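Contents: one structure, followed by commentary.
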There are 2 protein chains.
Amino acid sequence: METELIARLRQQLPSHPLLKLGIGDDAAILDGAQGADWVVTVDMLTDQVDFLLDRVDPRRVGRKALAVNLSDLAAMASRPVAAVVALVLPRKGGMELALALYEGMIPLAEEFGIAIAGGDTNSWDGPLAVSVTAIGHTTARGPLRRDGARPGDLIVVTGRLGGSILGRHFDFQPRVGEALALAERYSLHAGIDISDGLARDLAHLVEESGCGAVVDLASVPISEDAVRLSDQRADGMTPLDHALADGEDFELILAVPAEEAERLIAEQPLDVPVTMIGRFVAEAGLWQQDSSGHRSPMPVRGFEHDLT
Amino acid sequence: METELIARLRQQLPSHPLLKLGIGDDAAILDGAQGADWVVTVDMLTDQVDFLLDRVDPRRVGRKALAVNLSDLAAMASRPVAAVVALVLPRKGGMELALALYEGMIPLAEEFGIAIAGGDTNSWDGPLAVSVTAIGHTTARGPLRRDGARPGDLIVVTGRLGGSILGRHFDFQPRVGEALALAERYSLHAGIDISDGLARDLAHLVEESGCGAVVDLASVPISEDAVRLSDQRADGMTPLDHALADGEDFELILAVPAEEAERLIAEQPLDVPVTMIGRFVAEAGLWQQDSSGHRSPMPVRGFEHDLT
């Protein structure tokens, strides 16, 4: 639904001379003069869709509502500056809930040095929705966009993928420091964070870049959670299936020129592993390649809010 | 509830070196270098509280969701630049609803030269909520804050007040051009837009400024809507009561040094009337003065989301 809405709106939405990048990336970019531009992103989390308020500590919900936005700033290789928070609270217990949400947000904001600059608080007879808008600053290396991947670039991911639903989808660390460190030390062509699943987010990236990608299945870094989830569910989905399809890893997918990527992989400059999982190609589309070298179209699995 | 929440959070919320003004005003201010700072504000509108979706054209809802944010930028005497939009839609008919909301927003964005720079679209089993974050630029005259009113300043309002519920609460014109024109031509000390009602918003302003205000009741400009509403309802609320208490006029309350205010009132530089309705005083609090000169505390009426 969101993809279709963006497709239908993209040409219609009004622009502004200071708008350098509009809808369709992890964040928008506004001209900031003197080198540093401003990066703006918004994400809304809702009860029963993104969390079950009767089963999760609201502090974790508050933390996540800010963290997903920090992850979008990370995907733009930008420094977080400020956030504003819009809440709509169920009437009963609203004040306690609001305080708990902020109690979850504040330590994360402090950890990442971001101001909570303002907000709007409402109540109603409906369930909880939390909307956070985060604003960051680009660095001298510029923003990392979705549309810069070139055929021949290698696909690099941070961390290990899959099974975030076992807990990591709440308690993940946004890869802000990692993105800034990588952008500082290496030439990066494009990036996106994994919110909808590796396959789907890689599909977004190649679509924006006007190229394709081949994923080497044997290289995909699989998290222990993906293994546990596969064991627990025993529904035929392998750990690799989870690594490809599960959403909310909030790791980074990067397009890196081949020589840079090889240096990056050899140096392993982060506290989390950085893995080369394939390459970008000229032909549009998404492929998977198995260990025998056999290539087939990759099913674009992964979460999208379904509405029609 | 919002007032209490802000009071409880204000000292706890983390800041950032670029944050010049945080929670408690119509918008936050971020240091933008080279004179122009960035102004950020967020407002969320919700079904059954701010509108009844089954009785109002969703294009009017979309327009209003952007317009209330433009009014906040006006209250800061800032130039609108961009907005991002977070939606949570009921599952049934969500796509059509989303398109209608944007159809209402886009013409207003074009009229005010603001980019719609991005968004987040979700669906759920709950009612519609629309959250818009708007970003503006300060001018060389600087932002108009709530905390600058000084004893001796006169209270100036734009337009005529009360009865907005008869339709103006949807179709109002945000006073962006008016605020910029006034800030350009006159020295203004402070400002706020009327969203919660003249009395309540003036109370916000004097609280932030650390002073008080006396409203000359005979001077308050009363809209025709306030007269009609008083007639229709026949509940004992006079047109003046509506002008003082009704929310969502989205006119401006300004604190203007006395000589400037007299020049402003004489020149009437706007297409809408500009009226002097009283003065700021050193003693904290809000008073009303009748035509005989009798002064009494002004009841702070006006809408606030009630939650406890």
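Here A:GLN173 passes the criteria (1) outside any helix (DSSP H, G or I); (2) outside the structural domain of A:VAL272 (by TED's automatic domain parsing) except the one numbered (2).
Determine which member of the set A:ALA86, A:ALA65 is modelled with pLDDT of 95 or more and in contact with a helix residue (DSSP H, G or I) (Cβ under 9 Å, 6 or more places away or on another chain). First the steps, then the outcome.
Values: A:ALA86 fails: in contact with a helix residue (DSSP H, G or I) (Cβ under 9 Å, 6 or more places away or on another chain).
Only one candidate passes the filter, namely A:ALA65.
Looking at the structure I just gave you, is A:GLU110 out of contact with any Leu (no Cβ under 8 Å at 6 or more places or on another chain) and more than 7 Å from chain B (Cβ to nearest Cβ)? So A:GLU110 fails the test. Looking across region A:186-226, the residues that are of a type in the set (D, E, K, R) and more than 14 Å from A:THR158 (Cβ to Cβ) come down to A:ASP196, A:ARG200, A:GLU207, A:GLU208, A:ASP216, A:GLU224, A:ASP225. Restricting attention to region B:127-153, and to residues there that are farther than 22 Å from A:VAL84 by Cβ and crowded, with 24+ Cβ neighbours inside 10 Å, which single residue is farthest from the other protein chains (Cβ to nearest Cβ)? For region B:127-153, the residue satisfying everything is B:ASP153.
Residue by residue, here is whether (1) assigned by TED's automatic domain parsing to the domain that holds B:VAL274; (2) part of a strand (DSSP E or B); (3) touching a strand residue (DSSP E or B) at 6+ places or on another chain (Cβ under 6 Å); (4) farther than 20 Å from B:ASP290 by Cα holds:
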| site | (1), (2), (3), (4) |
| --- | --- |
| B:GLY177 | yes, no, no, yes |
| B:LEU188 | yes, no, yes, yes |
| B:VAL215 | yes, yes, yes, no |
| B:ASP235 | yes, no, no, yes |
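Looking across region A:74-107 at every residue that is at the interface with chain B (Cβ under 7 Å from one of its Cβ atoms) and under 30 Å from A:TYR186 (Cβ atoms), the one that is surrounded by the most Cβ atoms within 10 Å (Cβ to Cβ) is identified as A:ALA82.
Across region A:1-32, what is the total count of residues that are part of a loop (DSSP other than H, G, I, E, B), touching a Leu at 6+ places or on another chain (Cβ under 9 Å) and not small (Gly, Ala, Ser)? Spell out how you get there, then give the answer.
Going residue by residue through region A:1-32, those that are part of a loop (DSSP other than H, G, I, E, B) are A:1, A:10-18, A:22-27, A:31-32.
Pick out the ones that are also touching a Leu at 6+ places or on another chain (Cβ under 9 Å) and you get A:1, A:16, A:18, A:22-23, A:26-27, A:31-32.
Filter once more, so that each one left must be not small (Gly, Ala, Ser): A:1, A:16, A:18, A:23, A:26, A:31.
Qualifying residue count, region A:1-32: 6.
How many residues, within region A:67-93, are in a helix (DSSP H, G or I) and under 21 Å from A:ARG141 (Cα atoms)? Selection size over region A:67-93: 7.
Among the residues of region B:248-264, those identified as surrounded by 16 or more Cβ atoms within 10 Å (Cβ to Cβ) and over 19 Å from B:ALA213 (Cα atoms) are B:GLU248, B:ASP249, B:PHE250, B:LEU264.
Provide a single number: the residues in region A:136-154 that are outside any loop (DSSP other than H, G, I, E, B) and out of contact with any Leu (no Cβ under 7 Å at 6 or more places or on another chain). First the steps, then the outcome.
Within region A:136-154, the subset outside any loop (DSSP other than H, G, I, E, B) is A:136-138, A:154.
Among the residues that remain, those that are also out of contact with any Leu (no Cβ under 7 Å at 6 or more places or on another chain) are: A:137-138, A:154.
Qualifying residue count, region A:136-154: 3.
Among the residues of region B:26-35, those identified as more than 8 Å from chain A (Cβ to nearest Cβ) and in contact (Cβ under 8 Å) with a residue 24 or more places away in the chain are B:ASP26, B:ILE29, B:GLY35. Is it the case that some residue within region B:40-53 is within 21 Å of A:ALA83 (Cα to Cα), more than 9 Å from chain A (Cβ to nearest Cβ) and either modelled with pLDDT of 95 or more or in contact with a strand residue (DSSP E or B) (Cβ under 7 Å, 6 or more places away or on another chain) (or both)? Looking for residues that are within 21 Å of A:ALA83 (Cα to Cα), more than 9 Å from chain A (Cβ to nearest Cβ) and either modelled with pLDDT of 95 or more or in contact with a strand residue (DSSP E or B) (Cβ under 7 Å, 6 or more places away or on another chain) (or both), one finds none in region B:40-53, hence no.
Would it be correct to say that A:ILE6 is within 11 Å of another protein chain (Cβ to nearest Cβ) and touching a residue at least 60 places away in the same chain (Cβ under 8 Å)?
Details: within 11 Å of another protein chain (Cβ to nearest Cβ): yes; touching a residue at least 60 places away in the same chain (Cβ under 8 Å): no.
Spelling it out, it is not the case that A:ILE6 is within 11 Å of another protein chain (Cβ to nearest Cβ) and touching a residue at least 60 places away in the same chain (Cβ under 8 Å).
Within region B:178-202, residues that are within 14 Å of B:GLY162 (Cβ to Cβ) reach partners that are aromatic (Phe, Trp, Tyr) with beta carbons closer than 6 Å, at six or more positions or on different chains, in the pairs B:ASP196/B:PHE303. Listed conditions (1) surrounded by fewer than 19 Cβ atoms within 10 Å (Cβ to Cβ); (2) more than 25 Å from B:ASN69 (Cα to Cα); (3) not hydroxyl-bearing (Ser, Thr, Tyr) are all met by B:ALA213, apart from (1).
The values are calculated or read from the model by the stated rules, or taken from the named source; none is laboratory data. Please read all numbers here as calculations on a predicted model, not as lab measurements. We place every Cβ from the backbone using ideal geometry, glycine too, and count neighbours over all the protein chains shown.
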